[in-house]
1. Using a ≥ b ≥ c from the Cα gyration tensor of the chain (square roots of the eigenvalues), is it rounded, prolate or oblate, where a/c under 1.5 gives rounded and otherwise the larger of a/b and b/c decides, a/b for prolate?
2. Do the sum for the chain: with -39,500 (n - 2.57) for every DSSP H run of n ≥ 4, divided by all residues, what is the mean residue ellipticity at 222 nm, to the nearest 500 deg cm²/dmol?
3. Taking only protein heavy atoms into account and a 1.4 Å probe, give the accessible area per residue of the chain in Å².
4. Give me the number: length gained by fully extending A122 to K423, i.e. 0.36 nm times residue separation minus the C-alpha to C-alpha distance, one decimal in nm.
5. Please report the carbon-and-sulfur percent of the accessible area for the chain; probe 1.4 Å, protein heavy atoms only, DNA, RNA and ligands left out.
6. Between rounded, prolate and oblate, where does the range 217-429 land on the alpha carbon gyration tensor, with a ≥ b ≥ c its root eigenvalues, rounded for a/c under 1.5, else prolate if a/b exceeds b/c?
7. Just the accessible area for E79, please: 1.4 Å probe, Å², rounded to the nearest 10?
8. Can you give me the Cα centroid spacing of the range 149-195 and the range 349-394 in angstrom?
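The values are calculated or read from the model by the stated rules, or taken from the named source; none is laboratory data. Since the structure is predicted, the reported quantities are computational estimates derived from the model, not experimental observations. Using ideal geometry, Cβ is built from the backbone for each residue, glycine included, and neighbour counts are taken over all protein chains shown. To get the accessible areas, we keep the full protein, side chains included, count just its heavy atoms, and leave off ligands, DNA and RNA. Shrake-Rupley method; radii C 1.70, N 1.55, O 1.52, S 1.80 Å.
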Amino acid sequence: ELKEIVFVIQSQSNSFHSKRAEDLKRDILKQSADLGKELPTVLLIHRIAGHEGAWTILPLMREFSVTYSGNSSWIFFCEEDTRVQVVKLLETLGRFDVSKEWFLGKALYDEESTIIHHYAFAENPTAFKFPDFAAGWALSIPLVNKLAKKLKSEPLKSDFTIDLKHEIALYIWQKGEGPRLTPVPEFCTDDVNSYKTDHCATTFRNFLPLCGEPVKKEDVYVAVKTCRKFHGDRIPVVKQTWERETALIEYYSDYADISIPTIDLGIPNTDRGHCGKTFAILERFLNHSSPRIPWLVIVDDDTLISISRLRKLLSCYDPNEAVFLGERYGYGLGTGGYSYITGGGGMVFSRRAVQKLLASKCRCYSMDAPDDMVLGMCFSGLGIPITHSPLFHQARPVDYPKDYLSHQIPVSFHKHWNIDPVKVYFTWLAPNTEEPHKGKQVGHNREDL
């Protein structure tokens, strides 16, 4: 029965994202009402109070078990851009015995072991499957109850959340003692308008958000963190690739080199962390740039980014809100902790967010503290939620499953290890590669990467 499915939308509190999640909730409830069925429960993750780590889902298992195990059969999770065909979802879930432990989804796997999964399954990375959240995924109530019981006796350790879909699959698998992901062909990430979706219970809206005119070039101030030892190899890559997309770009270093030019902020270079340098950039943006510039982007010198795509994406956000945008990681979220935007993929701030941050007394505890984590702590303490976009990437294209990237129009990648970064930029990020999922590739073939 439809009333036995609890829908959980992986929503966010930012106004742009919460509206999209509410739209999806309305659509699910309307489809349900049109069927003349008793309406299901539809939850928005960001509205589940009291959980800083609600987005990591596992901390919610005990609550789900207590609240829904008596009269529900499934917890079905989806993203705000997942589209659900309620009738087909009912048919699909109806094939499975709800008295058993099921973990259902569209299977992704690593083609080679990767740093973002801590080089797990190095001998055969393709053997371990994890769900593509965009297609939706489901847990049967017996499995939810089992996970809740385990979490009660063994609380989640206080460590990092880097790739949630992989980490949830690992936790459920329990080194072979729990169920593996069961691939479900009806859970799809094909575009909602694709001819391939007739059999699909779910589809995914493949697009780069655009909410009006793209933000003007002059409204995005770009700060590149670098240091003298990388002036010769990393900065030329920026200049050959994405610098031409910017109107306002400055390079911040420990050495003033007029040929680039770089600006010495008087902060010595540190081998790690860079907190002192990042806060100096924030101060400079607030106090020395035009107050009419609403957006600041801070990137590393080995970040590859599409500023033209970012300008489209930013058209959906209100710069009068305190926006801190990028790829979300978590630290210690099983025991409180905080979320943060990982720096390598690029950190985007509204001027309002920078004003609120610097008006607080939150600062680096050391010059070489990890800047992205300190910023996460600061914003968490201020009650300003970070905003996640899966279009920013802390790693290289080869570090992600091809099928996962196939339904994205990415904004950034990071690192130059063992790749040709110029080739990666022109294959994945250059303005003439806007619509990869429609086969409009120019310059290079992604399969080569």
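1. Details: a/c = 1.77, a/b = 1.61, b/c = 1.09.
Here the chain falls in the prolate category.
2. The helix-only estimate for the chain comes to -8000 deg cm²/dmol at 222 nm.
3. Per-residue value: 42 Å².
4. Answer, rounded to one decimal: 105.7 nm.
5. Looking at the chain in its full context, I get 50 percent from C and S.
6. Values: a/c = 1.32, a/b = 1.10, b/c = 1.21.
Verdict is rounded for the range 217-429.
7. 50
8. So the two Cα centres are separated by 28 Å.
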